[in-house]
Amino acid sequence: MSYCPNTPEDIREMLAAIGKGSIEELFEPIHHTLRAKSFNLPAGISEQELLVKMQELAACDRHLINFIGGGYYDHHIPAVVDHLSGRAEFYTAYTPYQPECSQGTLQALFEYQTAICRLTGMEVSNASLYDGGTALAEAAMMALRITGRNRVVIDASVNPFARQIVATYMKNLGVEMVEIPTSSGSADRSALTEALTRDVAAVMVQNPNFFGSIEDLTAISQAAHAKGALLVTSVYPISLGLIKSPGEMGADIVVGDGQSLGNPLAFGGPSFGFIATTKKYIRNLPGRIIGETIDKEGRRGFVLTLQAREQHIKRHKATSNICSNQSLCALRGLIFLASVGKEGMAELANLNRDKAEYAKERLGSIRGVRVLNRGATFNEFTLELPKDAADVVQTLMGKGIAAGVPLGEYYAGMANCLVVTVTEKRSRGEIEALAEALEASL
């Protein structure tokens, strides 16, 4: 069968209808310098032949052992996540403007908000955002509105991609963004404290940070609050099965990317961002919030409430103009959390930490390799190598191992540094394979 539904006769009829004699004449208005000289395409084949060809190509793919993290992670996804999120009533659902027709979707998102609050130790959550980077920028916008100030302080150990998004948001708002250099892969607490002037709206940190280090942010929270600023914390949700929650450390706004909660590594997306805060700041939350109510017969029901997007009732008072609510991805996050459960999250987090500790010890014992992180880490850590990390990564890719994220592109003077991520999916044998390949490459 031909993939093109138009026969030569169809094409002639269409050209005649628009007064053109040929395809060449149709494209004539496009200057010759802008037109493709050749599409260099092979002759057409049938659907069956194409299927066989694609299967042959797929069989040639080499499986990479993945030690890359930096914000997106290779975690196991329980089968129930795909099964339930693939039900038509979920994956075909759109914005639940009419609650009488959308109780299933609304209840699922209400439960999602509850799960995010329990995970982060905060009081309120919205029904998801676009991704983790834009969630951090939205948190900065929240802090500016709440405090009425025009300066934000951000730690350089926050994910560099997220920092770039925040900088883009702030660029044309007359907001000063102060970036505090890191100190050996951790937040420079003295520099952060010194930067806390009375015009600072928020201190923005990440835990675990981009280098993998874990810190207790309580003192930073107290220092920020003493100056009337808010503490915005970006978190890796899987780590919250093990480490102290941001709420326990005094965070005012908590954000993160939900990819690691039941969403696959699909070439960078789609995923969802989450944001949670304290109840007193609920009217500054971007996006939509699902509320619980009762109908006229006293039955429990759910509605959209405090709608803060620009196409909703607030209009010019909107707190966000991002329209891409990632409800289906957020639903996957809820199903993941519900299927794993509280004890399962703790077990999962411990698996990640324990395997990473084994890898850190094994890789750190290689001659010429030094572990940069001085304190505790979760499932990521930074190695300092005796040669350029990007070159090492390229060498190991040729051996079927994606060794990590080289830092030279993101941090001056760190060309020899490599962030390695170890999730529950990595086996002892794969860790040994990385160690042996790394040692050979050095």
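The values are calculated or read from the model by the stated rules, or taken from the named source; none is laboratory data. Fair warning: this is a prediction, and the values are worked out from it, not measured in the lab. When we count neighbours, we look across all protein chains shown, and the Cβ atoms used for this are built from the backbone with ideal geometry, even at glycine. Heavy atoms of the whole protein, side chains included, go into the accessibility calculation; ligands, DNA and RNA do not. Shrake-Rupley method; radii C 1.70, N 1.55, O 1.52, S 1.80 Å.
One table, with the values for the structure above:
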{"item": "Length released on extending from S427 to R198, taking residue separation times 0.36 nm less the Cα-Cα span", "result": "77.5 nm"}
{"item": "Simple spin-label estimate for S183 and A266 in nanometres, 7 Å along Cα-Cβ", "result": "4.3 nm"}
{"item": "Pairwise Cα inverse-distance average, inverted: Kirkwood Rh of the stretch 1-80 (Å)", "result": "18.3 Å"}
{"item": "Over the stretch 349-436: Kirkwood hydrodynamic radius from C-alpha pairwise inverse distances, Å", "result": "13.0 Å"}
{"item": "All-pairs Cα distance distribution in the chain, expressed in whole percent, bin size 10 Å", "result": "4, 18, 25, 22, 16, 10, 4, 0"}
{"item": "Whichever lysines have a C-alpha closer than 23 Å to that of K37, once near sequence neighbours (fewer than 8 apart) are set aside", "result": "K20"}
{"item": "Largest-first principal axis extents, alpha carbons of the stretch 188-320, Å", "result": "57, 39, 29"}
{"item": "Portion, in percent, of the accessible area of the chain that falls on carbon or sulfur, probe 1.4 Å", "result": "54 percent"}
{"item": "Peptides ranked, highest mean first, by Cβ atoms within 10 Å: ranges 49-61, 166-178", "result": "166-178, 49-61"}
{"item": "Peptide ranges 10-22, 414-426, 266-278, 128-140 listed from the most packed, as the mean C-beta count within 10 angstrom indicates", "result": "128-140, 414-426, 266-278, 10-22"}
{"item": "Rel. contact order, % - alpha carbon contacts under 8 angstrom, at least six apart, the stretch 378-442", "result": "40 percent"}
{"item": "All-pairs alpha carbon distance profile, the stretch 74-176, 5 Å steps from 0, percent", "result": "2, 9, 14, 16, 17, 15, 12, 9, 5, 1"}
{"item": "Set of lysines near K244 by C-alpha distance (under 28 Å), chain-local residues within fewer than 8 positions excluded", "result": "K227, K279, K280, K342, K355, K360, K425"}
{"item": "The stretch 255-273 and the stretch 397-431: distance between their alpha carbon centers, rounded to Å", "result": "20 Å"}
{"item": "Per residue, in Å², the accessible surface of the chain once ligands and nucleic acids are set aside, probe 1.4 Å", "result": "50 Å²"}
